[in-house]
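S.K.: Please see the structure below; I have some questions.
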Amino acid sequence: MNTAVGFIGLGRMGLPMAQHLLGADFSLSVFNRTASRADVLLQHGAQWAASPRALAEQSDIVVSMIADDAALRTIALGKQGILAGLKQDGIHIDMSTVSPDVTQELAPLYQERGTHFIASPVFGRPEAAAAAKLWICPAGPTAVVDRCRPLFDAMGQGVIVVGEEAHLANVLKLVGNFFVVAAIETLGEAFTLAEKGGLKNETVLDLIQALLPVPLFQGYGSRIAKHEYTPAGFALALGLKDVGLIQKLAKDVVAPLPLADLASNHLRAAFARGRGDLDWGALATVIREMAGLPSGAGEAK
């Protein structure tokens with residue numbers, strides 16, 4: 001393929017995504033705050049860029065997968081940012097979980113420069129990224145999204161196009177993450193109730209298999225039942241950040257979300273107990289403690 005691609009953000013999600021692009025024969029340049037994370041890619045033909053700007057200058061499409069709004073602004077703006085280096089009609093695809101606000105801020109700046117900003121968050125844990133099984137949710141001008149499809153095909157199992165307005169992809173991501181945290185809250189309460197009532201976790205898992213045979217409930221149900229919170233597929237600290245974004249969106253659009261508020265309190269309590277590096281399924285540990293049970297944190301069965 002002739003498309004030159006740049007990738008920024010080689011964490012547990014970004015690294016396997018970049019590997020799939022390299023495996024699909026894209027010309028790949030990379031930048032990461034911790035340079036050593038790029039070593040495996042450089043050994044297989046990727047090129048190192050000294051800054052986001054340098055990366056953008058040699059790329060037709062830049063992909064970013066970073067932690068939060070502040071990190072996105074840092075790599076996008078300023079003299080060494082992506083926007084300063086992106087060529088005319090170039091594309092920046094941000095696949096991170098960030099607020100709709102930051103996308104609404106950045107997209108017009110790119111448009112003014114004759115370039116394009118596409119929000120395209122993903123659904124899936126690191127193992128899905130490693131298997132190219134992510135669900136990818138882009139939003140932006142149709143023709144620009146279509147130019148990105150070969151990249152999406154290399155990284156994921158399917159594409160859900162959200163619409164023409166880029167920030168709506170971020171809204172969808174927050175809605176999806178609300179589904180996840182609501183499921184974790186529900187499962188945490190259900191397993192606690194079952195244990196207090198004398199049931200075995202295996203019996204509850206059998207019920208989940210029969211009534212809720214979907215990856216969300218089966219995956220988190222199994223982790224909570226077995227107290228498996230490491231390694232973190234999605235760290236609790238990041239989950240707390242995401243629920244904060246959900247709550248802000250709810251406030252902005254005047255939508256009451258009492259379950260998000262409850263989950264936020266439980267995540268914050270778990271974070272205060274030093275569990276921020278555990279998987280965000282560890283929200284359930286606080287519910288157990290409230291019921292007089294051992295937390296289960298660090299007690300894999």
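The values are calculated or read from the model by the stated rules, or taken from the named source; none is laboratory data. Here the structure is a predicted model, which is why all the values come from computation and not from measurement. No Cβ is skipped: glycine too gets one built from the backbone with ideal geometry, and neighbour counts run over all protein chains shown. Each accessible area value is taken on the protein alone, full model and side chains, heavy atoms only, with ligands, DNA and RNA left out. Shrake-Rupley method; radii C 1.70, N 1.55, O 1.52, S 1.80 Å.
S.K.: Mind ranking K173, K196, K248, K241 by accessible surface for me, highest first, 1.4 Å probe?
M.R.: On the way: K173 20, K196 120, K248 90, K241 60 Å².
If we order K173, K196, K248, K241 from most to least accessible, we get K196, K248, K241, K173.
S.K.: Please provide three numbers in whole Å: the alpha-carbon extents of the stretch 1-62 along the principal axes, with the largest listed first.
M.R.: That works out to 27, 24, 19 Å along the principal axes.
S.K.: Please give every one of the aspartates and glutamates within straight-line cross-link reach of K226, meaning a C-alpha to C-alpha distance under 20 Å, and leave out same-chain neighbours fewer than 8 residues apart.
M.R.: Once the sequence-local aspartates and glutamates are set aside, what remains near K226 is E127, E185, E189, E195, E202, D206, D277, D279, E289, E299.
S.K.: Cross-link candidates for K87: which lysines have Cα within less than 20 Å, leaving aside residues fewer than 8 places away along the same chain?
M.R.: K87 reaches K79.
S.K.: Going 7 Å from the Cα of A194 toward and past its Cβ, which residues in the stretch 213-227 have a backbone nitrogen under 14 Å from where you end up?
M.R.: Within reach of a label on A194, which here means backbone N under 14 Å from a point 7 Å along Cα→Cβ, the stretch 213-227 contributes 213-214, 217-227.
S.K.: Using only alpha carbon positions, build the gyration tensor of the chain, then give the equivalent ellipsoid semi-axes as the square roots of 5 times its eigenvalues, largest first, whole angstrom. Each step should come with its number before you reach the end.
M.R.: Working: eigenvalues 270, 81, 58 Å².
Value: 37, 20, 17 Å, ordered largest first.
S.K.: Near the amide H of V63, under 5 Å away, which other amide H atoms are found, from residues 5 or more places off or on another chain, if H is placed in the peptide plane?
M.R.: Under 5 Å from the amide H of V63 lie the amide H atoms of G6, F7, I8, I93, each far enough along the sequence or on another chain.
S.K.: Would you kindly calculate the mean projected area, averaged across all directions, of the convex hull enclosing the Cα atoms of the stretch 189-301, in square nanometres? Walk me through the numbers on the way to the answer.
M.R.: On the way: hull surface 29.5 nm².
It is 7.4 nm².
S.K.: What lysines does K133 reach when the alpha-carbon gap must be under 22 Å and sequence neighbours fewer than 8 apart in one chain are set aside?
M.R.: Within the straight-line cut-off, K133 pairs with K173.
S.K.: Take the Cα gyration tensor of the stretch 50-199, multiply each eigenvalue by 5, square-root it, and list the three semi-axes largest first, rounded to whole angstrom.
M.R.: Working: eigenvalues 226, 49, 40 Å².
Ellipsoid half-lengths, sorted descending, are 34, 16, 14 Å.
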